[in-house]
Amino acid sequence: MIEIIGPLAPGLVAQTGKPMSLQKQLIERLQQAILSGRLPAGALLPSSRLLAAELDVSRNTVVIAYDHLAAQGYVIADRKGTRVSALSSPAMHRELACDTPPAPPALARRLAGFAGIGAQPAREALLRAGTPALDRFPLAAWRRSLERALQGARPHALGYGEPAGEPMLREAVAAHLRIARGVRCDGAQVVITGGAQEALNLCVTLLSNPGDVGWIEDPGYRGARAAFHAGDLRIVPMPVDQEGLAAPARAWRTQAPKLVYTTPAHQYPTGAVLSVARRLELIAQARRAGAWLIEDDYDGEFRHTGEPIASMQGLVPDAPVLYVGSFSKTMFPALRIGFAVLPRGIVEPSRLALQELLRGGHRLDQLALADFIASGEFARHLGRMRRLYRERQQVLRDALSRYFPQAPILGGNCGMHLTLRLPPHIVDRKVVELAQARQIGVGALSRFAIGGATQGNGLVIGYGNTSAQEIPGGVRVLARLASKAARPAAVRR
């Protein structure tokens with residue numbers, strides 16, 4: 001037997017750097033011998049007394065090793081002794097013992113549709129879009145909400161919660177959305193999710209089948225494209241102009257959608273606001289076609305001039321709109337709490353599906369967030385952030401006008417980013433590559449193309465996570481990098 005498994009070595013050190021006991025060594029040697037076929041199926045192992053004597057170890061070491069192997073199914077112990085189990089064929093043993101590993105199994109074909117967006121900037125990079133002012137978040141107030149949630153929680157709050165989320169949070173979210181965003185809803189329509197992406201995935205799962213058509217703004221949010229791909233939808237890019245999503249009338253006849261994804265309050269990434277006329281037309285066409293609209297209100301809370309633009313969902317009664325949002329922009333991304341407001345007519349039919357798809361978690365965080373909203377801290381925080389982002393956006397506009405005087409600025413008076421159109425001879429992806437090396441996290445507009453052709457050349461520039469003092473210097477560096485990223489004159493001709 002020793003020629004099959006080899007001698008055991010007292011004091012042998014494992015790859016973890018810790019000593020390996022003789023018992024552990026024996027178990028691993030026997031497992032390897034069985035898996036490789038050196039100990040074939042049906043082979044009778046020596047008695048514990050004989051093997052202990054051969055290996056010069058205690059009999060108890062062998063007994064424990066045999067018991068462990070029997071518990072895992074490597075061996076079978078009966079009155080006749082301990083025999084190797086019939087695990088697999090001789091061909092399988094040869095394959096397992098082969099030095100050349102086989103090729104890994106192929107991933108699902110749908111993953112081929114997930115186009116990469118290139119290297120991502122560091123989370124703390126200047127001018128990075130989508131990141132709020134984390135240093136201005138009221139941690140002390142949030143800590144008090146967490147403490148109240150912990151103090152008021154009963155032991156059952158440590159278990160699984162309702163699949164659709166904590167009732168207190170669902171009611172708090174519904175109350176806030178009715179007042180602040182004009183959403184027609186109650187708590188029963190709100191489903192709490194693990195961020196907006198899970199909300200998008202849920203919309204696709206509930207309301208579409210593989211092969212259905214899904215429209216997405218082009219350029220647009222790649223997370224929506226990922227959700228549609230994961231649902232095996234046929235994606236049709238829809239152009240965007242200064243009034244937002246511009247769906248041609250013929251598209252409703254020739255490429256009628258099941259789902260339409262749009263960001264009406266502040267189109268991502270161009271910043272266009274979907275006009276009321278187009279909102280009403282979208283709702284009317286969706287009703288006629290039996291389609292559903294997904295309204296992603298990712299940063300609609302931050303309107304910098306005039307009154308906030310109300311939701312499309314609340315524009316008419318019983319609109320075929322699923323309203324999606326999250327607290328990543330209004331609170332902080334690590335919270336990972338989002339929500340979907342379902343149309344009233346599908347709440348009950350979806351109940352059983354939600355029980356299967358969702359498990360209910362992060363209950364204490366949800367209870368703390370409900371307290372944060374109910375206490376008024378959330379509304380006060382939003383007010384402070386609106387004033388802060390209004391100031392920072394103006395500073396960014398001034399800097400862009402100074403250093404890029406001929407480049408159009410897109411973005412309206414909302415949100416936490418602006419988009420700068422670059423002339424064709426300046427390659428936006430090259431600018432972004434150079435900027436990332438300097439810890440500047442702008443995005444390339446061309447990366448947001450949903451269709452095959454690039455729908456723009458420019459920079460998506462955030463100001464949420466960058467102070468007003470830092471913005472002009474960052475833009476000045478971008479201007480220098482843009483000159484380096486320009487195509488030579490001979491190539492332009």
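The values are calculated or read from the model by the stated rules, or taken from the named source; none is laboratory data. The structure displayed is predicted, hence computed values, not measured ones. Cβ atoms come from the backbone with ideal geometry, glycine included; neighbour counts cover every protein chain shown. Protein only, heavy atoms only, side chains kept; ligands, DNA and RNA dropped before computing areas. Shrake-Rupley method; radii C 1.70, N 1.55, O 1.52, S 1.80 Å.
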Would you pick out the residues in segment 111-135 that are surrounded by 15 or more Cβ atoms within 10 Å (Cβ to Cβ), farther than 15 Å from residue 222 by Cβ and at pLDDT 65 or above?
-> 125, 126, 127, 128, 131, 132, 133, 134
Scan of segment 229-272 for residues that are under 22 Å from residue 419 (Cα atoms) and assigned to a strand (DSSP E or B), ordered by number | 237, 238, 239, 240, 241, 244, 245, 261, 262
(1) farther than 25 Å from residue 87 by Cα; (2) not in a loop (DSSP other than H, G, I, E, B): which one isn't true of residue 71, the others all being true?
-> (1)
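Inside segment 273-300, can you point out the residues that are outside any helix (DSSP H, G or I) and open to solvent by 20 Å² or more (accessible area, probe 1.4 Å)?
Keep residues of segment 273-300 that are outside any helix (DSSP H, G or I), which gives 273-275, 290-300.
Across segment 273-300, the qualifying residues are 273, 275, 290, 292, 298.
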Conditions (1) open to solvent by 10 Å² or more (accessible area, probe 1.4 Å); (2) in contact with a Ser or Thr (Cβ under 8 Å, 6 or more places away or on another chain); (3) of a type in the set (Gly, Ala, Ser): number failed by residue 145 = (1)
Does segment 158-171 contain at least one residue that is surrounded by fewer than 17 Cβ atoms within 10 Å (Cβ to Cβ), closer than 13 Å to residue 367 by Cα and out of contact with any Gly (no Cβ under 8 Å at 6 or more places or on another chain)?
-> yes
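Right, residue 400: of a type in the set (A, V, I, L, M, F, W, C), over 16 Å from residue 328 (Cα atoms), modelled with pLDDT under 95 and touching a strand residue (DSSP E or B) at 6+ places or on another chain (Cβ under 8 Å) or not?
Values: of a type in the set (A, V, I, L, M, F, W, C): yes; over 16 Å from residue 328 (Cα atoms): yes; modelled with pLDDT under 95: no; touching a strand residue (DSSP E or B) at 6+ places or on another chain (Cβ under 8 Å): yes.
When the stated conditions are applied, residue 400 does not pass them.
Residue check: is residue 386 closer than 17 Å to residue 133 by Cβ, open to solvent by less than 40 Å² (accessible area, probe 1.4 Å) and over 25 Å from the mean Cα position of the chain (by Cα)? Break it down into steps so the answer makes sense when it comes.
Working: closer than 17 Å to residue 133 by Cβ: yes; open to solvent by less than 40 Å² (accessible area, probe 1.4 Å): no; over 25 Å from the mean Cα position of the chain (by Cα): yes.
So residue 386 does not fit the description; no.
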Complete set of residues in segment 221-238 that are farther than 17 Å from residue 199 by Cα and open to solvent by less than 10 Å² (accessible area, probe 1.4 Å) | 238
Go through segment 399-421 and give me each residue that's out of contact with any Gly (no Cβ under 6 Å at 6 or more places or on another chain) and either open to solvent by less than 20 Å² (accessible area, probe 1.4 Å) or in a loop (DSSP other than H, G, I, E, B) (or both).
-> 399, 400, 404, 405, 406, 407, 408, 413, 414, 415
Count, please, the residues in segment 309-333 that happen to be outside any loop (DSSP other than H, G, I, E, B) and of a type in the set (A, V, I, L, M, F, W, C).
-> 3
Of the candidates 254, 262, the one satisfying the condition of being polar (S, T, N, Q) and open to solvent by 30 Å² or more (accessible area, probe 1.4 Å) is 254
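Can you tell me how many residues within segment 174-198 are among the hydrophobic types (A, V, I, L, M, F, W, C), under 15 Å from residue 347 (Cβ atoms), in a helix (DSSP H, G or I) and open to solvent by less than 30 Å² (accessible area, probe 1.4 Å)? Outline the logic, then answer.
Step one: list which residues in segment 174-198 are among the hydrophobic types (A, V, I, L, M, F, W, C), which gives 174-175, 177, 179-180, 183, 185, 188, 190-192, 196.
Pick out the ones that are also under 15 Å from residue 347 (Cβ atoms) and you get 174, 183, 185, 188, 190-192.
Subsequent filtering for residues that are in a helix (DSSP H, G or I) retains 174, 188.
Those left that are additionally open to solvent by less than 30 Å² (accessible area, probe 1.4 Å): 174.
The qualifying residues number 1.
Among the listed residues 52, 43, 9, identify the single one that is touching a strand residue (DSSP E or B) at 6+ places or on another chain (Cβ under 6 Å) and open to solvent by less than 70 Å² (accessible area, probe 1.4 Å). Lay out the reasoning, then the answer.
Values: 52 fails: touching a strand residue (DSSP E or B) at 6+ places or on another chain (Cβ under 6 Å); 9 fails: touching a strand residue (DSSP E or B) at 6+ places or on another chain (Cβ under 6 Å).
Testing whether each residue is touching a strand residue (DSSP E or B) at 6+ places or on another chain (Cβ under 6 Å) and open to solvent by less than 70 Å² (accessible area, probe 1.4 Å) leaves just 43.
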